[in-house]
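To keep things clear, I will list the structure first and then write my remarks on it.
Read-outs: derived from the displayed coordinates by stated rules, not from any lab. A quick note: this is a predicted structure, and the numbers were derived from the prediction, not measured.
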Amino acid sequence: MGSFVSRSQEPIQVAALPEATHSAEPLPLAAPGAPTSPAEARLFNDCWSCRVLSGSGLVGAGGYVYWVARKPMKLGYAPGPGTILQMVVGISIACWGVIILTDPKGKAFRVD
């Protein structure tokens, strides 16, 4: 619901697309699981502090979600399907954080 007054009244120039060269050979696809760029390969590979920060944050967030779902049960309310689902989601988030912290497959160490 913007105003036409705030928009520019000048026509917008669109650059013409260059003619694409169509060759008979398609471009080779990257191997599945291979990083497509150097920045993508360094997600958790060499930064222990990043893994500790993100893993402990996920464990804390999962614990909080679980705790909020558990609080009404301690007051005597019967758990419904939504409460059970919230507890499962909280446990799942915490488990994700534990996996990031422990690095079970040893992907954090580069073997050259």
Completion exercise
For Asp103, the residues 5 or more places away or on another chain with a placed amide H closer than 5 Å to its own amide H are none
Problem - Additional length obtainable on full extension of the chain from Ala78 to Val52, 0.36 nm per residue less Cα span - result: 5.7 nm
